[in-house]
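This report refers to the structure that appears directly beneath it.
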Amino acid sequence: MSLTSYDELLKQVESLKTENSSLRQELHDNSSHLTKLENEASNMKDVLTHVQYDMEGDYEFHEGNIYCDENTASLEANCQGEKLRLKIIFPHYSSRLSCKSALISKKDSCQKVKPRTSRQDLHELNLCYYDMLLFSRNCILREAEEESKQRKWFYDQLEVISSKIDNLPLTEQYNLQNDMTRRQLEYDAKQLTESLHQKLGTGDQIAVRQSSRVQRLRTIEAEMMELQKRRHQIQMITEQYGRAAYESSSGSMTNHHDLSSVMSFNSETSGRQPPPAVEFVEPLPPSSQQLGTRVEMVYSLLSMLGTHDKDDMSRTLLAMSSSPDSCIAMRQSGCLPLLIQLLHGSDKDSGLLGNTRGSKHARARASRALHNIVHSHPDDKRGRREARVLRLLEQIRAHCDQLRNDSTEDDEAGPQSQIDHQPGPAIAALMKLSFDEEHRHAICTLGGLQAIADLLQIDTQVYGNTTEQVNITMRRYACMSLTNLTFGDGTNKALLCSMTGAMAALVEQLNSANEDLCQVAASVIRNLSWRADLASKKILREVNAVRTLMYSSMKVKKEPTFKSILSALWNLSAHCTENKADICAVENALEFLVSILTYKSPSKTLAIIENGGGILRNVSSHIAVREDYRNILRQQGCLQILLKHLRSPSLTIVSNSCGTLWNLSARCAEDQQALWEMGAVSMLRNLVHSKHKMISMGSSAALKNLLSARPNLKNIDFDRHSQSGRPSLHARKQRALESELDPNLSETCDNVDS
């Protein structure tokens, strides 16, 4: 890496340090401000409590004595005292209250302070307190979101550097440039990690901050719930007071008493209508604004779930799903993935829920919450589709719980429970539904991929490599469903690969004597290995997929099974050098691969030869550095077969042959001389200008290797298989041919994903 790039990196680190200092100062200021707000909110809570007690004491009704001068005077004194306290605590509130007081005094300066004024003041207190709580909560959420964005940026940068390191070419000989690049990238990663720790702290410090935020959010949410409770209490008192006033007014009119000196508490309603309830948080008809508020509340609850116990979390989610409006808000807020993780867990850290499944009761509550959300969907068509899928998934999950023996209730249920939970019809129906795109989306949304993978895993663990037709059929349908769900979906592929136990069970199916089961299992691995990410490649190696596929390919007889296994091996052979070494290390594997090049297909297709040639092309870079492997290919007549493939009508076969010859024509004088003698030069020369990129590159590189080796070879005729009347290639023509070849082509090719 150049010095300029290094200087730029240092500048970036310095700028990050500067930004870190400013952000820390801003974080400190925000924390101080939030502490101040919490203190103010606590004071406000005391004010509200005091006012509520005064209201309850003043609203005790006695027949024939509704407005007595003593109660009115006491109420007036209490209101004035609370106003004075509020002016000290909330200056902006005192201005609002003073405006209302001025209007009241201007309207009737001679009259006494009415109870309605106290209710209005209490209503103002409630609104102000709610605003303070909402502001505090939003500040905490914004702070957490900002930290999350910063953390994500650092992790993305580290992931990019890690990818660059993994993508560096691996060579047999020491390469100074590659080594320097690797060292620089590792240094960059170290600097980024240090910047992350300076800016956000260590993982423990981040966890402590998150725990503190969660505790503060819990307190705020509890205060908001308490505020709603008080609102209902005040509303009940107000309604009771209104009814008493109405009855008193009617009775007074009947007895012809002079009430001119007594004002109704609601002069705007002519004394005949009960007073309106105090308007606060929840209007009756659900609106888009209300739904938005519900979604916001759900988001705030989700931010609190990070440190919750799974049982507590499942109770919260189940309670939240008690109404249709809340279910819609939960769906929009992303609660479905949380419920799925509670049901199935994950073999890797999920960020919120850890890496274990919930307890039996937690899973039951999560299942009910998921059921409530699905059945509250407003879209009838989509709702019916999801309800159908969920019913099938619930049967599969119940069967898996039975097999795990994780509860005594399942054991007590007896045979009847086992009959109810037989997964055969359910997995068959899911397999059929997985061919439809909309149903695939519903299956994935409701955790179908995890449920099917769990079914395959637990059935394999309990029954092993069984020959029972019921188990074989069920596993076939499970693998077929997984094939459909992972086709072209990188997210699902990564998710399935993260389930190590299910992956091991999937590979175990390749050892089955039933070739149909082997075929569908290989199809899943083929999908997973196609353009897999680094984590998926690692998992596929850990579960020994390469060797198992190689052994299985040498045993199967049916062409469709053979084709699926070779296709998966072709993908895996391009992942890394270790996979190539594993393939070559299997006994008789190289002889088997060469024999595939002349496979006679019963279906008259070339797919088997194409797949086998692709595997040989990828592993040829490893064969090229092992003389014992080269000798095996010579004994099998591999070079002659490859030259015949150069005339194949299939471009895939031709490109595979060119790629293999590219590697085999390097670093071995014996093979180079054999290729010269077989007339490989003239055949490769005809393919140099092919429009097919791999054919052009492979033939050019192989030709370059052969031309470079010519001065060191003895007793060869440069084009012995050329037409007899054509003169041999002179030195001038040879130099012209060499000039046409790309000088940047390497001696061998370490193949990438096909």
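Count, please, the residues in segment 184-209 that happen to be of a type in the set (Ser, Thr, Tyr) and farther than 18 Å from residue 159 by Cβ.
1
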### Message
Given the options 362, 329, name the one that is modelled with pLDDT of 85 or more and more than 16 Å from residue 446 (Cα to Cα).
### Response
362
### Task
Among what's in segment 553-612 and is small (Gly, Ala, Ser) and in a loop (DSSP other than H, G, I, E, B), pick the residue that is farthest from residue 647 (Cα to Cα).
574
### Task
Look through 353, 390, 338 and report the one residue that is over 25 Å from residue 425 (Cβ atoms), modelled with pLDDT of 85 or more and buried (at least 18 other Cβ atoms within 10 Å of the Cβ).
338
### Summary
Quick count over segment 190-206, residues being touching a helix residue (DSSP H, G or I) at 6+ places or on another chain (Cβ under 8 Å) and surrounded by fewer than 18 Cβ atoms within 10 Å (Cβ to Cβ), is 5
### Query
Can you name the residue in segment 624-645 that is farther than 20 Å from residue 685 by Cβ and surrounded by 22 or more Cβ atoms within 10 Å (Cβ to Cβ) and is also nearest to the chain's Cα centre (by Cα) among such residues?
624
### Query
What's the number of the condition residue 160 fails, among (1) at pLDDT below 85; (2) in a helix (DSSP H, G or I)?
(1)
## Note on the structure
Flagged pairs (Cβ under 6 angstrom, 6 or more apart or on separate chains; first in segment 581-604, within 11 Å of residue 632 (Cβ to Cβ); second in a helix (DSSP H, G or I) and among the small types (Gly, Ala, Ser)) are 593/612
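Residues are listed down the side, and each one gets a yes or a no for (1) part of a helix (DSSP H, G or I); (2) surrounded by fewer than 18 Cβ atoms within 10 Å (Cβ to Cβ); (3) touching a residue at least 60 places away in the same chain (Cβ under 8 Å); (4) of a type in the set (Ser, Thr, Tyr):
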site: 647; (1), (2), (3), (4): no, yes, no, no
site: 653; (1), (2), (3), (4): yes, no, no, no
site: 661; (1), (2), (3), (4): yes, no, no, no
site: 671; (1), (2), (3), (4): yes, no, no, no
site: 675; (1), (2), (3), (4): yes, no, no, no
site: 682; (1), (2), (3), (4): yes, yes, no, yes
### Query
What do you reckon, is residue 535 modelled with pLDDT under 95 and surrounded by fewer than 19 Cβ atoms within 10 Å (Cβ to Cβ)?
yes
### Query
Between residues in segment 7-26 that are surrounded by 12 or more Cβ atoms within 10 Å (Cβ to Cβ) and residues that are polar (S, T, N, Q), which pairs lie under 6 Å by C-beta distance while being six or more apart or on different chains?
13/191; 16/195; 20/198
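Does segment 610-622 contain any residue that is more than 39 Å from the chain's Cα centre (by Cα) and either modelled with pLDDT of 95 or more or more than 22 Å from residue 562 (Cα to Cα) (or both)? If you could, list the steps in order and put the result at the bottom.
Of the residues in segment 610-622, the ones more than 39 Å from the chain's Cα centre (by Cα) are none.
No, every residue in segment 610-622 fails to be more than 39 Å from the chain's Cα centre (by Cα) and either modelled with pLDDT of 95 or more or more than 22 Å from residue 562 (Cα to Cα) (or both).
If you check residue 632 against the conditions, is it of a type in the set (A, V, I, L, M), touching a helix residue (DSSP H, G or I) at 6+ places or on another chain (Cβ under 6 Å) and part of a helix (DSSP H, G or I)?
Yes: the conditions hold for residue 632.
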### Failed condition for residue 209, given (1) free of Cβ contacts under 8 Å to residues at least 60 places away in the same chain; (2) crowded, with 17+ Cβ neighbours inside 10 Å
(1)
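The values are calculated or read from the model by the stated rules, or taken from the named source; none is laboratory data. A quick note: this is a predicted structure, and the numbers were derived from the prediction, not measured. FYI the Cβ positions are ideal-geometry reconstructions off the backbone, even for glycines, and counts take in every protein chain you see.
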